[in-house]
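Reading through the structure tokens given below for one structure.
The values are calculated or read from the model by the stated rules, or taken from the named source; none is laboratory data. Owing to the predicted nature of the structure, the values given are computational and were not obtained by experimental measurement. Here the Cβ positions follow ideal geometry from the backbone for every residue, glycine too, while neighbour counts run over all protein chains shown. Remember, those area values only see protein heavy atoms, side chains included, never the ligands or the DNA or RNA. Shrake-Rupley method; radii C 1.70, N 1.55, O 1.52, S 1.80 Å.
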Amino acid sequence: AAHLEQKGTSALDMTGMSQKNGAVTSHVRIARTPDDIHAQRIATGEADLILGCDMLTAGAFDAIAKTRPGRTVAVINLHEQPPGPFAQNPDWQFPAEQIRALIDESVGGQAHFISATRLATALMGDSIATNLFMLGFAFQKGLIPLQQASILRAIELNAVAVDANKRAFEWGRRAAVDLQKVEQIAVP
């Protein structure tokens, strides 16, 4: 979508542990021009948005270190996905409240916590819709510096589940405007 708008963009995916039930993070930069991007990694305290599709990853040191109160906004999925070590320790408890408090503090109270997986699955019939739902939510909150038409066109160019991805994006936008109404529709 950024390329369609002739903006500068870079993406650095940190996927080393993903095949072993580890976290996956991406550093995504969007700038007015390619010359405005000087590094791929987001520096300490320089993130504008933490789009956390996995709460544990969003609350990990690497993500929290990128935040700064007054600058960073967080959009966090409340779905509690147990990590790989849970298989070896069945007594492990998901630290949802501690993570939520840590994220909220790290962004100075500028956090949106939503049950995106539950809503996207109920609305779309598949939890894979969560990512585009989250993107739509963040977009509607003014946190994605792109035009809607560019995002929708990028979904078309990707050519994977185009209609479903567009619908998930639109449901996320609606949730950003009236979360209670979307919840009533998704889970009556």
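The distance from the alpha carbon centre of region 126-146 to that of region 35-110 is 16 Å, rounded to a whole number.
Charging the Cβ of each Asp and Glu at -1 and of each Lys and Arg at +1, and nothing else, the dipole of region 1-137 about its Cα centre rounds to 200 debye. Measuring only protein heavy atoms, the 1.4 Å probe finds L78 accessible over about 40 Å².
Average accessible surface for the chain: 58 Å² per residue, computed with a 1.4 Å probe over protein heavy atoms with every protein chain in place.
Dipole check for region 92-188: with +1 at the C-beta of Lys and Arg, -1 at the C-beta of Asp and Glu, and the Cα centre as origin, the magnitude is about 220 Debye. For the chain, the antiparallel share of DSSP beta bridges with both residues in that region comes to about 45%. For region 63-188, carbon and sulfur atoms together expose 51% of the accessible surface, with a 1.4 angstrom probe and every protein chain in place.
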